[in-house]
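The values are calculated or read from the model by the stated rules, or taken from the named source; none is laboratory data. Since we're looking at a predicted model, the values are computed, not measured. Heads up, the Cβs are rebuilt from the backbone with ideal geometry, glycines too, and the neighbour counts pull from every protein chain shown.
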Amino acid sequence: MQIKNVGHARRAAGRLFSKEGRLHLVLEVDATTGVAKVSCRVDDTTQVIEMPISDVIKRLGSSDPLKLDGLSSERTEVRVIEKDNCWFYRAREGEYGPYADKEAAKRALKRHILLAQEDGRTGRPAQAMSG
């Protein structure tokens, strides 16, 4: 099945959507076959599944935009700290470490952010609206 809007289909690559409580990343699309390869975690294992591009586009269009915020931001960089010749990172849940070097702490922080996004543990708790 060939996709009519090839440009629209190709823009799906690299985007995120949530399905059945799991975070999905569109790895690649093949407009000729109408199939997208999508990565997700199931039972603590990363899996690559194939989905019709039309389903992927529908999910991307019907959900709030998801982005991998914070992985390379200035704000994230300051969360990696050195104490007593060891490296740590700070998260809402506490301080994690020690790590042998700054790069190891950064990698661990990035994994933490991705897992939090997958688990839906992002953002601040919703505030009650007064009115």
Candidate set from region 37-50 (those that are at pLDDT 90 or above and in contact with a Leu (Cβ under 8 Å, 6 or more places away or on another chain)); member that is farthest from residue 11 (Cα to Cα):
48
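Can you tell me which residue among 34, 70, 21 is modelled with pLDDT of 80 or more and on the phi > 0 side of the Ramachandran plot?
On the way: 70 fails: modelled with pLDDT of 80 or more; 21 fails: modelled with pLDDT of 80 or more.
Answer to the selection: 34.
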Which of the residues spanning region 36-52 are over 10 Å from residue 26 (Cα atoms) and either surrounded by 14 or more Cβ atoms within 10 Å (Cβ to Cβ) or within 16 Å of the chain's Cα centre (by Cα) (or both)?
41, 42, 44, 45, 46, 47, 52
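Report yes if some residue within region 53-67 is surrounded by 12 or more Cβ atoms within 10 Å (Cβ to Cβ), at pLDDT 80 or above and touching a Gly at 6+ places or on another chain (Cβ under 6 Å); otherwise report no. If you could, list the steps in order and put the result at the bottom.
So the first thing to find is which residues in region 53-67 are surrounded by 12 or more Cβ atoms within 10 Å (Cβ to Cβ), and the list is 53-60, 63, 66.
With at pLDDT 80 or above added as a condition, the list becomes 53-60.
Now restrict to residues that are touching a Gly at 6+ places or on another chain (Cβ under 6 Å): 53.
Yes, the conditions are met somewhere in region 53-67.
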Does any residue in region 81-94 that is outside the structural domain of residue 109 (by TED's automatic domain parsing) and aromatic (Phe, Trp, Tyr) come within less than 6 Å, Cβ to Cβ, of a residue that is exposed (fewer than 10 other Cβ atoms within 10 Å of the Cβ) and part of a strand (DSSP E or B) six or more places away or on a different chain, and which pairs are these?
none
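So which residues in region 36-46 are among the β-branched types (Val, Ile, Thr) and either within 20 Å of residue 62 (Cβ to Cβ) or touching a residue at least 60 places away in the same chain (Cβ under 8 Å) (or both)?
Pass one, region 36-46, residues among the β-branched types (Val, Ile, Thr): 38, 42, 45-46.
Once the filter is applied, which keeps residues that are among the β-branched types (Val, Ile, Thr) and either within 20 Å of residue 62 (Cβ to Cβ) or touching a residue at least 60 places away in the same chain (Cβ under 8 Å) (or both), region 36-46 yields only 38.
Tell me, which residue of region 14-32 that is in contact with a Cys (Cβ under 8 Å, 6 or more places away or on another chain) and either touching a residue at least 60 places away in the same chain (Cβ under 8 Å) or more than 15 Å from residue 50 (Cβ to Cβ) (or both) is surrounded by the fewest Cβ atoms within 10 Å (Cβ to Cβ)?
So the first thing to find is which residues in region 14-32 are in contact with a Cys (Cβ under 8 Å, 6 or more places away or on another chain), and the list is 19, 22-25.
Subsequent filtering for residues that are either touching a residue at least 60 places away in the same chain (Cβ under 8 Å) or more than 15 Å from residue 50 (Cβ to Cβ) (or both) retains 22-23.
Details: 22: 14, 23: 19.
For region 14-32, the residue satisfying everything is 22.
Please specify each residue of region 75-93 satisfying the condition of being assigned to a loop (DSSP other than H, G, I, E, B) and within 23 Å of the chain's Cα centre (by Cα). I'd like the intermediate steps shown before the answer.
Let us first name the residues in region 75-93 that are assigned to a loop (DSSP other than H, G, I, E, B), namely 78-79, 84-85, 92-93.
Selection gives 78, 79, 92, 93.
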